[in-house]
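S.K.: This is the structure I want to talk about, given as structure tokens.
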Amino acid sequence: MDVRRGAGEAWMRTTRNVLDTLRRTPALLQSLLIRTQFEQILLTTLLEWQPGSLSESLRSDAREVLPRHVRFAEDYIRTHADEPITIELLTGLTGVSGRTLYSGFQKFRGITPMRYLRDVRMEHARSDLQDPARPHSVTEVATRWDFFQLGRFASEYRKRYGECPATTLRRTS
């Protein structure tokens, strides 16, 4: 951290100020509360001002805490994406109404539960198309992941990944 300018300089001034205060008044160290406060200010400003891999997440005010029913539905969808999944099944498993499930997904994910399911299945389809160990066709992969309208599958795939499914398959063969 460059302590000669910017945030580094501000952190260094803060640190010097805290240390000078403690040198002038050593009795302050006797108080656990004061020691903790000094430690907190030094560490918090260091974490905030020192650029690092977590800098953006520390600055983010919004912490995402998913409701239990959304988290459970997502986990179920990811684990059972190759099985038939309906709203009725998800509401039965999560114990909430369809309206509550839809609004939770909409609020926290910006999509419906069924769109989330399609997205997960599309990720699996792409993974299968990229797997050279599996002999397959685009039709096999699409229908395995519950995409029976092949034109729509190809269109969505192209929009999402910037190429048609057959191109992905050819590249990995």
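S.K.: State the label only: which of (i) -0.39, -0.83, -1.12; (ii) -0.42, -0.99, -1.37; (iii) -0.66, -0.89, -1.09 corresponds to log10 I(q)/I(0) by the Debye sum over Cα atoms at q = 0.10, 0.15, 0.18 Å⁻¹ computed from the shown model?
M.R.: Only one option fits the structure, namely (iii).
S.K.: Using a 7 Å offset from the Cα along the Cα-to-Cβ direction at both THR21 and LEU46, what is the distance between the two label points in nm, to one decimal?
M.R.: 1.7
S.K.: Additional query: If you take every residue apart from ARG13 with its C-beta less than 14 Å away from the C-beta of ARG13, what net charge results, scoring Lys and Arg +1 and Asp and Glu -1?
M.R.: With Lys, Arg at +1 and Asp, Glu at -1, the net is 0.
S.K.: Give, as a single signed number, the net charge of other residues whose beta carbon lies under 9 Å from the beta carbon of TYR116, with Lys and Arg counted +1 and Asp and Glu -1. Mind showing how you got there, number by number?
M.R.: On the way: positive: ARG109, ARG115, ARG118; negative: GLU74, ASP119.
Net charge around TYR116: +1.
S.K.: Looking at the chain, identify the longest residue range that excludes and avoids all trypsin sites (Lys or Arg not before Pro) in DSSP loops having at most 11 other Cβ atoms within 10 Å. Before the final figure, lay out the partial values.
M.R.: On the way: sites that count: ARG4, ARG5, ARG63.
Result, exposed sites excluded: 64-173.
S.K.: Same structure again: Just from its helices, what would the mean residue ellipticity at 222 nm be for the chain, if runs of 4 or more DSSP H residues each count -39500 (n - 2.57) and the sum is divided by every residue, rounded to the nearest 500 deg cm²/dmol?
M.R.: -21000 deg cm²/dmol
S.K.: What size of dipole, in debye to the nearest 20, comes out for the chain about its Cα centre when the only charges are +1 on Lys and Arg C-beta atoms and -1 on Asp and Glu C-beta atoms?
M.R.: For the chain, the charge dipole is close to 460 debye.
Laboratory data are not the source of any read-out in this text; all were calculated from the coordinates shown. In this text the structure is predicted, and so the values were computed from the model without any measurement. For neighbour counting, all protein chains shown are included, and Cβ atoms are generated from backbone atoms with ideal geometry for every residue, glycine included.
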